[in-house]
Amino acid sequence: MDPVKALVRAIKKGDLASVYLLYGDEPAAIREVVDAIREAIIPAKDATAQSMAAFNHERFDGGDVRSASQILEACAQMPMLAPRRLVELSNPDDLGKGGRSEDGPSSTKEKAIDALAGYIKAPSPSTVLVISGAGIDGRSKLVTTAKKAKGAVAQKFEALRDDDDACRLAIAEARSRRRRLSDEAAHALVSAVGTGRTELLEGLDRVLLFAGERENVGVDDVHAVIAQTREVDIFAITDAVGRGDHEAALTLLAQIFAAGEKDTGLAHRLFALLTRQIRLVMSAKAHEGHYHQVADVPPFLVRKVEAQARGFTMERLRAAYAGLARLDFDLKGGSHIAYASPYLALQRWILETCDALPGVDARR
């Protein structure tokens, strides 16, 4: 059975371990399991659990941790009006960067790892500690200790073994969203993005978004978003704008319009995607620190949107959204220049949004 589904199923049944060590090069898989643990301990529909979340849920990033005592103290606290607390530590491979030691960061990291390994052997029964990170070495002390400890789960997530497994995952994921992905479409998607869960689910999200409200999703939808754009990804423009990288965005825009800049249909699709992206980034900015609780995107996209939001001020985001409103009017005939050359209109919007026009203060 798929290790992700197996873990999630056990968690939903209430079979929670005291320690989870989740690692490997599949961040989407890690986030799916972490989300399931969060939901099990702090259910979204449980008003009491949500009101106590500030007391029963703590997160740490290895790069910001001064010493392991911060994490161990959080694990030792008793839960308030709940059976368990949740403590998360991401990127333990960065431990020591935020600490101070006369012997240097490496000494700080070694001491922190030793302390965490000691905790894994005898964890608190009222706390669930989740340690996760793509950079965790499978031979590390944390992993070897967790594999031997009775109350711990150590799971490495890797790409699916073959195309058929990846196709079945794509079809099942589409079904969970009440869509029907044809076998041909699934194979086309896997051929384009590979068998990595993270890339596969992100690709599927793009295909379903492109398909709109249609229940049946076919190979043409995959080709429209993935196959035809393997060299030029239409969604990469939204990511580049989200990062404020105008050079990358303009390069991609030019490549996408290479077949003809008077393609107003393409312009309208781009406009819709850019509008959605700015809305997502604005929502992440408005809910900074707890965007995952209100996000309307799959969990594996939350971190990307949060990262983009950190590169903008709310003032710039409002200006970008206002620019899209003007662009929408112009593309529908409000401006002959924009209607005749949507490429130039979108180019201008990208420059404005990324603060790349001469005389614009990028610090706004």
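The values are calculated or read from the model by the stated rules, or taken from the named source; none is laboratory data. Small disclaimer: the values here were computed from a predicted structure and weren't measured. Here the Cβ is made from the backbone with ideal geometry for all residues, glycine too, and neighbour counts use every protein chain on show.
Can you tell which of Leu189, Leu169 is closer than 26 Å to Val143 by Cβ and not assigned by TED's automatic domain parsing to the domain that holds Leu21?
Values: Leu189 fails: closer than 26 Å to Val143 by Cβ.
After ruling out the rest, the residue left standing is Leu169.
If you go through segment 158-192 and keep only what is in contact with a Leu (Cβ under 6 Å, 6 or more places away or on another chain) and modelled with pLDDT under 90, you end up with just Ala166. Just one of (1) within 17 Å of Asp245 (Cβ to Cβ); (2) at pLDDT 65 or above fails for Ala362. It is (2).
Looking at segment 55-170, what strands (runs of 3 or more DSSP E) fall wholly within it and have at least 1 residues that are closer than 30 Å to Val193 by Cα and in contact with a Lys or Arg (Cβ under 9 Å, 6 or more places away or on another chain)? Steps first, answer last, please.
On the way: elements: 57-61, 85-90, 127-133, 152-157.
Qualifying strands (runs of 3 or more DSSP E): 85-90, 127-133, 152-157.
Is it true that Asp162 is within 19 Å of Arg276 (Cβ to Cβ) and either in contact (Cβ under 8 Å) with a residue 24 or more places away in the chain or buried (at least 18 other Cβ atoms within 10 Å of the Cβ) (or both)? So Asp162 does not fit the description; no.
Given the residues Ala17, Ala28, which is the only one that is more than 13 Å from Ser132 (Cβ to Cβ) and either of a type in the set (Gly, Ala, Ser) or under 20 Å from the mean Cα position of the chain (by Cα) (or both)? Checking each option against the conditions leaves just Ala17. When segment 63-75 is filtered for residues that are of a type outside the set (D, E, K, R) and either more than 22 Å from the chain's Cα centre (by Cα) or buried (at least 21 other Cβ atoms within 10 Å of the Cβ) (or both), the ones remaining, listed by number, are Val65, Ser67, Ala68, Ser69, Gln70, Ile71, Leu72, Ala74, Cys75. Total residues in segment 12-29 satisfying the condition of being out of contact with any Phe, Trp or Tyr (no Cβ under 6 Å at 6 or more places or on another chain) and within 21 Å of Phe60 (Cβ to Cβ): the figure is 9. Among the conditions (1) modelled with pLDDT of 80 or more; (2) assigned to a helix (DSSP H, G or I), Arg303 misses just one, which is (1).
Filter segment 5-26 for residues that are out of contact with any strand residue (DSSP E or B) (no Cβ under 7 Å at 6 or more places or on another chain) and surrounded by 20 or more Cβ atoms within 10 Å (Cβ to Cβ) and give the result. Hit for segment 5-26 is Ile11, nothing else. Among the residues of segment 172-206, those that are surrounded by fewer than 15 Cβ atoms within 10 Å (Cβ to Cβ) and part of a helix (DSSP H, G or I) comprise Ala172, Arg175, Ser176, Asp183, Glu184. The single condition among (1) polar (S, T, N, Q); (2) at pLDDT 95 or above; (3) surrounded by 17 or more Cβ atoms within 10 Å (Cβ to Cβ); (4) within 28 Å of Phe55 (Cβ to Cβ) that Ser132 does not meet is (2).
For segment 195-219, filtered to residues that are touching a residue at least 24 places away in the same chain (Cβ under 8 Å) and acidic (Asp, Glu), the residue that is farthest from Gly24 (Cα to Cα) is Glu215. When residues in segment 207-236 are screened for being under 15 Å from Leu270 (Cα atoms), crowded, with 16+ Cβ neighbours inside 10 Å and either of a type in the set (Gly, Ala, Ser) or at pLDDT below 85 (or both), 10 of them pass.
Taken over segment 44-62, the criterion of being surrounded by 14 or more Cβ atoms within 10 Å (Cβ to Cβ), closer than 19 Å to Asp94 by Cα and without any contact (Cβ under 8 Å) to a residue 60 or more places away in the chain is satisfied by Glu58, Phe60, Asp61.
Within segment 15-38, none of the residues are part of a helix (DSSP H, G or I) and free of Cβ contacts under 8 Å to residues at least 12 places away in the same chain.
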